[in-house]
Amino acid sequence: MRVTVLAGGVGGSRFLKGVRAALRDGEPSEITAVVNTGDDMWLAGLRIAPDLDTIAYALAGVNDEERGWGRAGETMRVSEELAAFGVGWPWFTLGDLDLGTHIARTAFLHDGLPLSEATRRITARWPLGAGAASIELLPATDDEVETHVVTDDGELHFEEWWTRLRAAAPARAFVQTGVEASRPAPGVLEAIRDADVVLLAPSNPVVSIGTILGIPGIRDAVATTPAPVIGVAGIIGGAVVRGMADACLSAIGVATDAAAVARHYGPRSAGGLLDGWLVDEVDAASAAGLEADGIRTRALPLRMRDDASSVAIVRAALGLAASGSTRG
Ligand code: FO1
């Protein structure tokens, strides 16, 4: 089975561990994660790719599970030196092991390799698959398309808004720098078109899933793929599970509500993206309305507390994909 997952960072990494665990003991499966690169940036002369690294570290089992990003067992010797030199951002922690990744990526890019090849070489160090399930990570694009946030005090990189301001300054708009001239990374469109199932991870619908869809060609590929497209809500009972997606959703006029996000993605029958949508049990009452809008909906516990709960969510998504009548 070929499963393609559009994913951001922390929520995406937990969900992808669930996809891998759900498929590892079945028929041979190829999982392709199309990963958000809008958080990427140059810092201290290094190319940082937060969502690619968060997912790679989590699948490799070397991540800091508590923080959700960065490496386990980190030390901060180099970042203390950088701070002493006034290099980088004092509020953005770059641990020594993490810096190893950024230096390796920057070296590959400096040698002329595209981000997708740099990512392949970095992840080759930790075979990310398990059992019958193989996993490859693809950046949404090899081009430098960064998410910037427009606030009343000016425009700043998403990571500064997110980590220094903690999304406290209202976002008036999100901008994807240079997106018009960007293209999907090699293999991305094929992974969406040739999939047996396409999953939208419970990542930030605006600055993770939204930025992936914003790369020319990707939204259309998802809207037209023969594969069923199933999304998973990252919002339970009107509150985001993790992160600050509510600050992002309000910027685009979408309510922080599982059903509102589903309607934001839209039903495929109306030119949107979704054949199916998973909501938490507390939001079960919204299912009837979504079904009436053409989005097959299932309610189940959506908190990914451990692999078992993530596996149950993935199995429900795959079940919903399999149960779909041929799309009208
Ligand atoms: N998030 C923070 O809130 N503070 C940090 O200092 C920080 C450092 C950091 C370094 C590398 C990396 O890959 C991620 C890092 N993150 C940090 C998380 C990052 O902001 C998020 O993973 C996403 O970019 C937002 O979803």
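Take 27-37, 244-254 and order them by the average number of nearby Cβ atoms within 10 Å per residue, most first; the result is 27-37, 244-254. Electrostatic tally near residue 169: other residues with Cβ closer than 15 Å to its Cβ, Lys and Arg +1, Asp and Glu -1, net -3. Between the helical axis of 10-23 and the longest alpha-carbon principal axis of the chain there is an angle of about 60 degrees.
Near the amide H of residue 5, within less than 5 Å, lie the amide hydrogens of 32, 33, 34, 199, all on another chain or at least 5 residues away, with H placed in the peptide plane.
For region 24-96, which whole-number percentage of the solvent-accessible area (1.4 Å probe, protein heavy atoms only) is attributable to carbon and sulfur atoms?
Looking at region 24-96 in its full context, I get 53 percent from C and S.
Region 138-183 and region 13-47 have their alpha-carbon centroids 21 Å apart.
The trypsin sites (Lys or Arg not before Pro) of region 72-159 meeting both criteria, a DSSP state outside H, G, I, E and B (loop) and at most 13 other C-beta atoms within 10 angstrom of the site's C-beta, are 125.
First check a/c for region 39-93, with a ≥ b ≥ c the square roots of the eigenvalues of its C-alpha gyration tensor; if it is under 1.5, answer rounded, and if not, answer prolate when a/b is larger than b/c or oblate otherwise. Spell out each step's value before the answer.
Working: a/c = 2.71, a/b = 1.54, b/c = 1.76.
Oblate, because a/c is 1.5 or more while a/b does not exceed b/c.
Once the C-beta distance of residue 269 and residue 173 is scaled by a Förster radius of 30 Å, the resulting FRET efficiency is 0.55 to the nearest 0.05.
Equivalent-ellipsoid semi-axes for the chain (Cα gyration tensor, √(5λ), whole Å, largest first): 30, 22, 19.
Going by average Cβ density within 10 Å per residue, which order do the peptides 12-20, 128-136, 84-92 take, highest to lowest?
Sorting 12-20, 128-136, 84-92 by mean packing, highest first, produces 12-20, 128-136, 84-92.
Here the accessible area of region 111-165 is 46 percent carbon and sulfur, with a 1.4 angstrom probe and all protein chains present. When the helices of the chain are scored as -39500 (n - 2.57) per DSSP H run of n ≥ 4 and the total is divided over every residue, the value at 222 nm lands at -10500 deg cm²/dmol. Between amide H atoms placed 1.01 Å from N, distances below 5 Å from residue 236 occur with 241, all of them 5 or more places distant or on a separate chain. Once a ≥ b ≥ c are taken as the square roots of the eigenvalues of the Cα gyration tensor of region 197-247, is the result rounded (a/c under 1.5), prolate (a/b larger than b/c) or oblate (a/b not larger than b/c)? Judged from the Cα gyration tensor, region 197-247 comes out oblate (a/c at least 1.5, b/c at or above a/b).
If a/c stays under 1.5 just call it rounded; otherwise compare a/b with b/c (prolate if a/b is bigger, oblate if not). Do that for region 167-287, with a ≥ b ≥ c from the square roots of the Cα gyration tensor eigenvalues.
Numbers: a/c = 2.15, a/b = 1.17, b/c = 1.84.
The shape class here is oblate.
What full-extension length gain, to one decimal in nm, is calculated for residue 96 and residue 282 as 0.36 nm per residue of separation minus the Cα-Cα distance?
Numbers: separation 186, 0.36 × 186 = 66.96 nm, distance 4.18 nm.
Extending this stretch completely gives an extra 62.8 nm.
The values are calculated or read from the model by the stated rules, or taken from the named source; none is laboratory data. The structure displayed is predicted, hence computed values, not measured ones. A quick note on method: Cβ atoms are made from the backbone with ideal geometry, for glycine too, and the neighbour counts reach across all protein chains shown. Note: accessible area is taken over every heavy atom of the protein model, side chains too, but ligands, DNA and RNA are not part of it. Shrake-Rupley method; radii C 1.70, N 1.55, O 1.52, S 1.80 Å.
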